[in-house]
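S.K.: This is the structure, below, for whatever I ask next.
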Amino acid sequence: MIIGALRLHIYLPESQSLKDKRQVLQSYKEKLRRKFQVSVCELEKQDSWRESILGVAYINSSRVQVEKVLDNVISFGDMVKNLEVLNFEKEIL
């Protein structure tokens, strides 16, 4: 069993309130879950209007598949409106 974990530092440039942030993040997290079948959770910066740290986890028997899915998750962030991935940390266990 191979476990892949991502820590995504997200920037929300158009967010004006926590409500705006939650709306964008909720949509993004649901898209990640549906498209890549990963687990997603907000880890830090819950009280910041424009930033968030998300944790993403994926498990598979193939290391190649885990790396592919995590790379696709990172790339997907660049395609989402109102959201930028500033930085990420990837770990394969």
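S.K.: So which of VAL64, VAL24 ends up being more than 22 Å from ILE2 (Cβ to Cβ), aliphatic (A, V, I, L, M) and not in a strand (DSSP E or B)? Let's see the steps before the verdict.
M.R.: Details: VAL64 fails: more than 22 Å from ILE2 (Cβ to Cβ).
Just one listed residue meets the conditions, VAL24.
S.K.: Return the pairs, sorted by first residue and then second, in which the second residue is in a helix (DSSP H, G or I), the first residue lies in the range 63-80 and is farther than 19 Å from TYR11 by Cα, the beta carbons are less than 7 Å apart, and the residues are 6+ apart or on different chains.
M.R.: Close Cβ pairs (under 7 Å, with a partner that is in a helix (DSSP H, G or I)) amount to VAL69/PHE36.
S.K.: So, ILE74, is that one modelled with pLDDT of 90 or more, among the β-branched types (Val, Ile, Thr) and assigned to a strand (DSSP E or B) or not?
M.R.: Details: modelled with pLDDT of 90 or more: yes; among the β-branched types (Val, Ile, Thr): yes; assigned to a strand (DSSP E or B): no.
No; evaluated as a whole, the condition is false for this residue.
S.K.: Quick check on the range 30-51: of everything there that is touching a strand residue (DSSP E or B) at 6+ places or on another chain (Cβ under 8 Å) and farther than 17 Å from LEU70 by Cα, which residue is modelled with the lowest pLDDT?
M.R.: GLN46
S.K.: Can you tell me which residue is nearest to the chain's Cα centre (by Cα) among those in the range 42-55 that are hydrophobic (A, V, I, L, M, F, W, C) and either surrounded by fewer than 16 Cβ atoms within 10 Å (Cβ to Cβ) or over 17 Å from ARG22 (Cα atoms) (or both)?
M.R.: Here the residue is LEU43.
S.K.: With the structure loaded, tell me whether VAL24 is of a type in the set (Val, Ile, Thr) and at pLDDT below 95 or whether it fails that test.
M.R.: Yes, satisfied.
S.K.: Taking into account only those residues within the range 76-89 that are under 12 Å from LEU6 (Cβ atoms) and out of contact with any Lys or Arg (no Cβ under 8 Å at 6 or more places or on another chain), which is surrounded by the fewest Cβ atoms within 10 Å (Cβ to Cβ)?
M.R.: Among those that are under 12 Å from LEU6 (Cβ atoms) and out of contact with any Lys or Arg (no Cβ under 8 Å at 6 or more places or on another chain), it is ASN87.
The values are calculated or read from the model by the stated rules, or taken from the named source; none is laboratory data. Here the structure is a predicted model, which is why all the values come from computation and not from measurement. Here Cβ is always computed from backbone atoms with ideal geometry, including for glycine, and neighbour counts include all displayed protein chains.
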